[in-house]
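The values are calculated or read from the model by the stated rules, or taken from the named source; none is laboratory data. The structure displayed is predicted, hence computed values, not measured ones. So basically every Cβ, Gly included, is an ideal-geometry build from the backbone, and we count neighbours across all protein chains shown.
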Amino acid sequence: MGPPKGPLGRDMTLVSMKTSDRLATLERLRDRLAEQIDVCPSARDLALLSTRLEAVLSQIDELRPVEVSAADEIKRRREQRRSRGEPVAVSHAEARGGAGMTHG
């Protein structure tokens, strides 16, 4: 009896041992699941693979850091200062009455 097999017949212990990066491991699993879904002839297996892919995608979303733009970070800090009653520098857009407007 060999090491435990994943849903794709792969040695999941080996995959886990090669990296201690859970996010990278989940991303590899996501890619393998997507490959298998593309060629899956069985509706039953397709449903199982799809369910597993959804679970893996949810785990990836939980582990991925949320990216915040510099402008969003400045806005967050400004709002924190306002909520504490501290003085806040006013942006040009706010001074003109266009707070929240973006140029694109």
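Sort out which residues of the stretch 41-71 are under 17 Å from ALA24 (Cα atoms) and either small (Gly, Ala, Ser) or in contact with a Lys or Arg (Cβ under 6 Å, 6 or more places away or on another chain) (or both), and write them in order of number. Answer for the stretch 41-71, where residues must be under 17 Å from ALA24 (Cα atoms) and either small (Gly, Ala, Ser) or in contact with a Lys or Arg (Cβ under 6 Å, 6 or more places away or on another chain) (or both): ALA55, VAL56, SER58. Does PRO41 count as assigned by TED's automatic domain parsing to the domain that holds LEU29 and not hydrophobic (A, V, I, L, M, F, W, C)? In short, yes. With respect to the conditions (1) at pLDDT 95 or above; (2) surrounded by 13 or more Cβ atoms within 10 Å (Cβ to Cβ); (3) of a type outside the set (Ser, Thr, Tyr), LEU26 lacks only one, and its number is (1). Residues that are surrounded by 10 or more Cβ atoms within 10 Å (Cβ to Cβ) and either of a type in the set (Lys, Arg) or part of a loop (DSSP other than H, G, I, E, B) (or both) within the stretch 40-71 comprise CYS40, ARG52, ARG64, VAL68, listed in sequence order.
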